[in-house]
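Student: Shown below is the structure under consideration.
Values quoted throughout were computed directly from the atomic coordinates according to the rules given, and no laboratory measurement underlies them. As the structure is a prediction and not an experimental result, all values here were calculated from the model. Glycine gets a Cβ as well: all are built from the backbone with ideal geometry, and neighbour counts include every protein chain shown.
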Amino acid sequence: MDYFFDRLFQSGQDVRALAGLKIAVVGQKTAASLQQRGLQPDFIPPDFVADSLIAHFPDSLAGLKVLFPRVESGGRQVLMQEFSAQGAIVTEVPAYQSDCPRSIDPAAAAALMAGQIDIVTFASSKTVKCFAKLVDWANLPRVPIVASIGPQTSADCQRCLGRVDLEATTYTLIGLTEALSRWAGLDSSRQDDTSF
């Protein structure tokens, strides 16, 4: 969102340019960021995933003009495709670029190869894909627990790493932290099964 507002301000405009527009966001963190800029989102879906935005969108999409600021590459197309299929006129604007690093931090690589990492957490599908490119997961001496922020990220964990052990029930970083806390609290009672 910061990139969107940076570009808005660079064009000589401010938040008044958004007057009269309705704003939909996925997630409380994005909503809070908007509110810090003096804007109130008109719609936040009940589940903090793009699919929920589509399923619960409050207005008819037929003929609706939708501006969709997004990552330049690597993002899911589901929102644009579904909005268009339901008759919306979607304008995509690449607002930022998110790249994978070329190599993993040497200390992290060494800890993984030494079997010293208990849990690897993933807060987005892109982090799963980047991690899978950088780490020879199949040849780790000890495979860590895989924790995911939500269903789409879990699907990519399964596809890229062959497993997902726990998933947040609320698809936010706080939800992921709570899932990890619950998992850690089960330490004395769990045996080989670390899944929820």
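Student: Taking neighbour counts of Cβ atoms within 10 Å as a proxy for exposure, in what order, fewest first, do ILE104, ILE149 appear? If you can, show how the numbers build up before the last one.
Tutor: On the way: ILE104 15, ILE149 25.
Result, fewest neighbours first: ILE104, ILE149.
Student: Now, a different point. Could you check the spin-label model distance between VAL78 and TYR3? Points 7 Å from the Cα along Cα→Cβ, value in nm.
Tutor: Distance between the two pseudo-spin positions: 2.0 nm.
Student: What is the calculated FRET efficiency for ALA17 to VAL143, with r their C-beta to C-beta distance and R₀ = 30 Å, to the nearest 0.05?
Tutor: Efficiency at R0 = 30 Å is approximately 0.05.
Student: Taking the Cβ-Cβ separation of SER60 and THR177 as r and a Förster radius of 41 Å, what is the calculated FRET efficiency to the nearest 0.05?
Tutor: E between SER60 and THR177, to the nearest 0.05, is 0.65.
Student: Where does the chain land on Rg/Rh, using Cα atoms and the Kirkwood Rh?
Tutor: Radius of gyration over Kirkwood radius for the chain works out to 1.02.
Student: A further question follows. Over the stretch 2-96, what is the relative contact order in percent, taking alpha-carbon pairs closer than 8 angstrom and at least six residues apart?
Tutor: For the stretch 2-96, the relative contact order is 23 percent.
Student: If you consider only alpha-carbon coordinates, what radius of gyration and Dmax does the stretch 106-185 have, in Å?
Tutor: 12.1, 33
Student: Here's something else I'd like to know. How large is ³J(HN,Hα) for each residue in the stretch 140-150, as worked out from phi by the Karplus curve 6.51 cos²θ - 1.76 cosθ + 1.60 (θ = phi - 60°), to whole Hz, x for Gly and Pro?
Tutor: 5, x, 9, 7, x, 5, 10, 10, 10, 7, x
Student: For GLY150, list long-range residues whose amide hydrogen, built 1.01 Å from N in the peptide plane, is under 5 Å from its own amide hydrogen.
Tutor: Correct list: ALA168.
Student: For the chain, what relative contact order do you get, as a whole percent, if you take Cα pairs closer than 8 Å and at least 6 residues apart?
Tutor: So the answer I get is 13 percent.
Student: Continuing with this model, one more query. For the stretch 7-55, what is the charge dipole size about the Cα centre, in debye to the nearest 20, if Lys and Arg each add +1 at the Cβ and Asp and Glu each add -1 at the Cβ?
Tutor: Roughly 220 debye, rounded to the nearest 20.
Student: How high is the FRET efficiency between THR170 and ILE104 when r is their beta carbon distance and R₀ equals 41 Å, given to the nearest 0.05?
Tutor: 0.90
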